[in-house]
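Here, each number is a calculation from the coordinates, and none is a lab measurement. Bear in mind the structure is a predicted one, so any value in this text is a computation, not a measurement. All Cβ positions, even for glycine, are placed from backbone atoms using ideal geometry, and neighbour counts span all protein chains on display.
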Amino acid sequence: MAIRNQIILQNIIETQICVMTESNRDIVILAIESSCDDTAAAVIKNGLLLSNVVSSQLEHQQYGGVVPEIASRAHDGKILTVVQKALDQAGITKESLSAVAFTTGPGLMGSLLVGVSFGKAFALGLSLPIIQVNHMEAHILAHFIENPSPKFPFLCLTVSGGHTQIVLVNSVDDMTVLGKTIDDAAGEAFDKIGKMLGLAYPAGPVMDRLAQKGEPIFQFAKPNIEGLDYSFSGFKTSVLYFLKNKLKENPKFIEKNLNDLCRSVQENIVEILLQKLTKAAKLHKIKEIAIAGGVAANSGLKTALQAKGEQLGWNVYIPKMAYCTDNAGMIAMAAHFKYLKEDFCAFDVRPDVRMSVKSNII
Ligand code: KG4
Ligand code: ZN
């Protein structure tokens with residue numbers, strides 16, 4: 001009996017020592033993002049971002065959109081350098097890492113495969129646990145990289161090249177998609193309309209810049225979709241027909257009106273986005289409002305959101321530009337929260353191109 005008690009006591013002491021060493025140890029995570037056309041890596045230590053390296057692929061500009069095969073090859077060529085740079089800038093050796101995190105979806109299969117495979121191999125070589133991160137959840141959690149961050153529950157309008165969603169965020173791991181686009185994403189609308197205007201891919205930032213010199217004098221068809229969902233394809237088609245008609249009358253129409261066209265398209269997209277966001281905020285009686293994703297970098301959207309916030313008494317949260325567009329800092333932040341919950345994944349984890357925000361769509 002005495003021996004048995006001694007063994008139990010020994011076990012308790014060992015467990016305590018284990019927990020103490022674990023809790024005293026810094027949490028240092030290397031995070032990798034490769035879901036689309038940005039090869040990115042970041043290092044986070046105890047929730048503080050130490051480095052955030054992004055290498056954007058310019059290879060796609062001449063094609064007017066991301067070419068998946070070119071994207072995966074470019075990731076493959078850049079990932080080692082980008083990861084090394086992230087470690088160097090953070091002043092962290094790979095031996096002091098606690099875990100390796102990577103985006104498993106949503107995104108392009110070939111692109112995701114590069115980050116996932118690299119992350120797994122890197123972690124395996126160092127006997128580290130791995131953490132899988134949902135790219136869309138990470139866009140939202142980018143709000144926690146810097147202060148002030150939104151208070152729970154908050155609404156986040158996540159607007160990127162592939163997604164447009166209104167998400168109810170109850171906590172870091174309890175998110176519900178309230179509405180989403182049924183066709184094109186807001187960023188896609190910017191990029192495709194920009195292509196019609198002869199602008200290089202990605203057209204969103206260029207249109208933003210030109211819009212600042214123009215006036216919103218043109219109106220296009222607005223979608224009439226029920227609930228909190230979005231649609232941009234009808235709007236895009238209405239711009240296409242408008243341009244076709246105008247070009248018949250004057251072949252130099254685009255050239256002569258480029259700034260006003262950009263401003264008008266931007267105002268229309270922003271109006272569509274804010275109309276449903278306002279509806280969601282009223283419906284759920286929430287005044288903590290955030291935006292995330294590449295389109296959150298749009299100056300027209302930021303200004304309009306701030307004005308709406310003042311009018312309706314919202315607390316508005318807009319991430320810094322570097323944390324709006326694709327980056328690994330947001331993956332690192334999401335991974336840090338997962339590490340705290342010991343939410344690691346198995347080494348047979350695979351990319352999930354259609355990975356959705358964890359909780360159900362209501
Ligand atoms: O989040 P992100 O970097 O990548 C995806 O996950 O898709 O978003 C990229 C999208 C592109 O469609 C790009 O044109 C758009 O964000 N974007 C912008 C601006 N900056 C990036 N759209 C409008 N105005 C901007 N300033
Ligand atoms: Zn993104």
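Observations on the structure shown:
- Rg to Rh quotient for region 150-319, alpha carbon positions, Kirkwood Rh: 0.99
- Order of 126, 157, 108 under a 10 Å beta carbon neighbour criterion, fewest first: 126, 108, 157
- Electrostatic dipole magnitude of the chain [Cβ: Lys, Arg +1; Asp, Glu -1; Cα centre; debye, to 20]: 720 debye
- Computed over the chain with a Gaussian network model linking Cα atoms closer than 10 Å, the most mobile of 348, 184, 37 is 348.
- Inter-label distance, residue 61 to residue 248: 3.5 nm, where each label sits 7 Å from its Cα along the C-beta direction.
- Coarse-grained scattering of region 81-144 at q = 0.14, 0.17, 0.27, 0.29 Å⁻¹, given as base-10 log I(q)/I(0) from a Debye sum over alpha-carbon atoms: -0.46, -0.67, -1.22, -1.23
- Region 122-185: C-alpha gyration tensor shape, a/c 1.5 cut-off, then a/b vs b/c: oblate
- For region 44-145, applying the loop criterion from DSSP together with a ceiling of 11 other beta carbons within 10 Å to the chymotrypsin sites (Phe, Trp or Tyr not before Pro) yields no site.
- Note on region 310-362 and region 288-306: Cα centroid distance 17 Å, given to the nearest whole angstrom.
- Pairwise centroid distance, computed over Cα atoms, of region 157-174 with region 182-215, Å: 22 Å
- If R0 is taken as 25 Å, the Cβ-Cβ distance between residue 48 and residue 81 corresponds to a FRET efficiency of 0.55.
- GNM flexibility winner over the chain from 123, 221, 297 (Cα, springs under 10 Å): 221
- Look at the alpha carbon pairs under 8 Å that are at least 6 residues apart: their mean separation over the length of region 150-319 gives a relative contact order of 28 percent.
- GNM on the chain, alpha-carbon springs under 10 angstrom: the most fluctuating residue among 168, 50, 243 is 243.
- Debye log10 I(q)/I(0) at q = 0.07, 0.08, 0.15 Å⁻¹ for the chain, Cα point scatterers: -0.34, -0.43, -1.27
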